[in-house]
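Below is one structure; the comments refer to it alone.
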């Protein structure tokens, strides 16, 4: 009874806080579930009309038809949010249901619940997942009918974890694919020795679940500060947050406190894929646990992934000169100097197979073009670019 009351309170709070609309959803061939990073998905639609089911409280549709259908679904034992999503889908009648939030539980439930051959669910991976932490044994298994994932690493990882994935498409990262297609248009930046990728860990307290990761990242920064002073190397930080935001101001202050106020910190610009160009124009990219670091590795760039926490889930997925878990400044310096001195062709030869395993990008069929064609084929509206 107490759990039921708590769920009711959370639902009421969600409804009160959300921006509400009472318009009936329009019919569309494409339904996007979760409007986060919508701008990443729309180029895949070839101008096709789409509807969005927002799942984070941005907009809650309380149209009477949606609510009536939702109550019918609710009477069959579904949760309110799943019932609402099922009602929304029934009204929109899409041919494609797509998300860029591969860890969105509601999308997975809707995917598993919908049994209609005319509707294709497409899940696009947008980050490296720690399944043992986020989906521990006893929780609902991960479900994807069509999972467009980074690489064969996910195929092995998800299968061993017991996830239910009907079809894997290990095709690379969508954002990385966009960047590769635009990289010739992005201005050249001065070559830096080191690029440190921000993980945004300053936002978490030391006693939070991410406290140990924050301490590990700060140990890494201590080593970097000593390294650049002793070896006269240049450093640039690729920030997680965008310019002119409160978040990036706090982020830059955090790096100033640990690395010095003369540290170059570049805010992220998601439209221009700034972080990708920064990592491409550094001799070595350093981080703890980051999807961007993995994408950089997939492009054949030199990286050093340092996990100084006690949590193996943050280990880089493949061992090599690019991975270091043992603490100690001397080891860190020796490894970085070895990477700096290593011939780029020798590094690419050594890392080529592991990089392809982690990021299955194909020059012949880039991720974004593959997705465009899959969507167009499904809705019967394929147009050559």
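A few comments on the model shown:
- Of all the listed residues (308, 254), the sole one being touching a helix residue (DSSP H, G or I) at 6+ places or on another chain (Cβ under 6 Å), in a helix (DSSP H, G or I) and at pLDDT 95 or above is 254.
- So residue 361, is it under 20 Å from the mean Cα position of the chain (by Cα), under 20 Å from residue 296 (Cβ atoms) and surrounded by 11 or more Cβ atoms within 10 Å (Cβ to Cβ): yes
- Pairing residues of the stretch 338-354 that are at negative phi with residues that are part of a helix (DSSP H, G or I), at Cβ distances under 7 Å and at least 6 apart in sequence or on separate chains, gives 351/297.
- When 176, 156 are checked against the criterion of being within 29 Å of residue 95 (Cα to Cα) and either assigned to a helix (DSSP H, G or I) or modelled with pLDDT of 95 or more (or both), 176 stands alone in meeting it.
- The residue that is surrounded by the most Cβ atoms within 10 Å (Cβ to Cβ), among those in the stretch 224-238 that are closer than 25 Å to residue 276 by Cα and more than 27 Å from the chain's Cα centre (by Cα), is 227.
- Members of the stretch 364-385 found to be modelled with pLDDT under 95 and surrounded by 14 or more Cβ atoms within 10 Å (Cβ to Cβ), listed by number: 379, 381
- Scanning the stretch 50-83 for residues that are part of a helix (DSSP H, G or I) and touching a residue at least 24 places away in the same chain (Cβ under 8 Å) gives 64, 65, 66, 80, 81, 82.
- Of all positions in the stretch 181-192, none carries a residue that is buried (at least 16 other Cβ atoms within 10 Å of the Cβ), within 25 Å of the chain's Cα centre (by Cα) and not in a helix (DSSP H, G or I).
- Each residue in the stretch 228-245 was checked for being in contact with a helix residue (DSSP H, G or I) (Cβ under 6 Å, 6 or more places away or on another chain) and at pLDDT 95 or above, and 4 of them qualify.
- Condition check for residue 87 on (1) in contact (Cβ under 8 Å) with a residue 40 or more places away in the chain; (2) part of a helix (DSSP H, G or I); (3) touching a helix residue (DSSP H, G or I) at 6+ places or on another chain (Cβ under 7 Å); (4) buried (at least 22 other Cβ atoms within 10 Å of the Cβ): one failure, at (1).
Condition check ((1) surrounded by fewer than 21 Cβ atoms within 10 Å (Cβ to Cβ); (2) under 18 Å from residue 200 (Cα atoms)) across all residues:
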{"position": "260", "(1), (2)": "yes, yes"}
{"position": "277", "(1), (2)": "yes, no"}
{"position": "288", "(1), (2)": "no, yes"}
{"position": "309", "(1), (2)": "no, yes"}
{"position": "323", "(1), (2)": "yes, no"}
{"position": "330", "(1), (2)": "yes, no"}
{"position": "334", "(1), (2)": "yes, no"}
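The values are calculated or read from the model by the stated rules, or taken from the named source; none is laboratory data. From a predicted model like this one, the values you see are computed outputs, not experimental measurements. Heads up, the Cβs are rebuilt from the backbone with ideal geometry, glycines too, and the neighbour counts pull from every protein chain shown.
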